[in-house]
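A short write-up of the structure that comes next.
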């Protein structure tokens with residue numbers, strides 16, 4: 001990072017750009033963006049904490065588990081599959097928990113690893129990007145993003161079954 005920063009400063013000086021003034025302008029613009037998206041992010045963080053603390057994720061997982069097991073999805077990955085589109089840090093905590101409970105080389109551990117690497121925090125991304133540019137109507141974005149998350153979930157199970165022989 002220091003080499004990168006020095007390269008930018010040297011490049012700016014060679015091009016006769018007021019480096020510090022440009023930095024200050026960029027920092028001010030960054031704070032304006034942060035100010036505009038902070039309420040959205042705070043609301044999303046509150047909702048995620050509320051879901052986790054209330055046990056709603058666990059109850060929903062328990063409700064879906066019998067159907068999921070009948071089609072070949074391990075019940076232990078369901079909380080991760082439900083929380084991943086909403087919260088990156090929450091799903092990472094669940095990933096770690098699955099590693100501790102079942103092991104990283106277990107079927108569940110491998111599936112959640114592939115899922116974590118192939119899916120997105122959909123609701124966070126939508127809130128962040130659309131909130132930043134002040135778009136109120138997300139149209140088909142949410143449906144497409146949820147379809148992509150479902151595809152990542154199904155593909156994670158299939159890929160682990162194919163490559164690791166479960």
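The values are calculated or read from the model by the stated rules, or taken from the named source; none is laboratory data. Note that the coordinates shown come from a computational prediction; the quantities given were computed from them, not determined experimentally. Positions of Cβ are generated from backbone atoms using ideal geometry, with glycine treated the same way; all protein chains shown enter the neighbour counts.
Against the conditions (1) within 20 Å of residue 121 (Cα to Cα); (2) crowded, with 16+ Cβ neighbours inside 10 Å; (3) at pLDDT 85 or above, residue 97 satisfies every one except (2). Restricting 78, 60 to residues that are within 30 Å of residue 136 (Cα to Cα) and either at pLDDT 90 or above or within 20 Å of the chain's Cα centre (by Cα) (or both) narrows the list to 60.
Screening residue 88 on (1) within 13 Å of the chain's Cα centre (by Cα); (2) over 22 Å from residue 38 (Cβ atoms) shows it passes everything except condition (2). Kindly indicate whether residue 22 is touching a residue at least 60 places away in the same chain (Cβ under 8 Å), assigned to a helix (DSSP H, G or I), loosely packed, with under 14 Cβ neighbours inside 10 Å and over 16 Å from the mean Cα position of the chain (by Cα). Judged against the criteria, residue 22 is not a match.
Answer yes or no as to whether residue 12 is more than 29 Å from the chain's Cα centre (by Cα), surrounded by 12 or more Cβ atoms within 10 Å (Cβ to Cβ) and more than 26 Å from residue 118 (Cβ to Cβ). Taking the combined requirement at face value, the residue satisfies it.
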